[in-house]
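Report on the structure given below.
The values are calculated or read from the model by the stated rules, or taken from the named source; none is laboratory data. Since the model is a prediction, treat every value here as computed from it, not as a measurement. So basically every Cβ, Gly included, is an ideal-geometry build from the backbone, and we count neighbours across all protein chains shown.
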Amino acid sequence: MAHKIFLIEDDTSMLSLLRKLLEYEGYEVSQPEGEENLVNILDSIRKEKPELILLDVHLQSVNGFELLHSIRENQNLQNIRVIISSGMDFERQSENEGADDFLLKPYMPEELINKIRNIINKQEPIK
């Protein structure tokens, strides 16, 4: 069974590239349905039950860190792995907020795939 990755990215070109890359690598890829707001995104995550979320910090109508906080507070979602990505260096804040990893844009496809593989293959529970 393919590992499921949930993409939360408001740049449609980036979203399309990520989807193609991840599907090529054998991952099942999904994204939020409907209007981009906190409630709809959380509902989509609950419905899709991904193993990992790739989350952009700067979304049009939602702050990525607010969304991460909501995921970590929700008992049904808190164990989903999350990689934060941004064009600004939020590595320390991402770690402090409970993300599993951080990717500074622009990044190479291999860097993303390696981080995803490392996180999915980890056996230890989330802190």
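Points worth noting:
- Once the range 33-46 is narrowed to residues that are closer than 13 Å to S70 by Cβ and either in contact with a helix residue (DSSP H, G or I) (Cβ under 9 Å, 6 or more places away or on another chain) or among the polar types (S, T, N, Q) (or both), the residue that is modelled with the lowest pLDDT is N37.
- Between R81, R72, the distinction of being modelled with pLDDT of 95 or more, basic (K, R) and farther than 22 Å from A2 by Cα belongs to R72 only.
- Flag if V39 is over 17 Å from I84 (Cβ atoms) and buried (at least 18 other Cβ atoms within 10 Å of the Cβ): no
- Residues in the range 1-40 that are of a type outside the set (S, T, N, Q) and assigned to a strand (DSSP E or B): K4, I5, F6, L7, I8, E28, V29.
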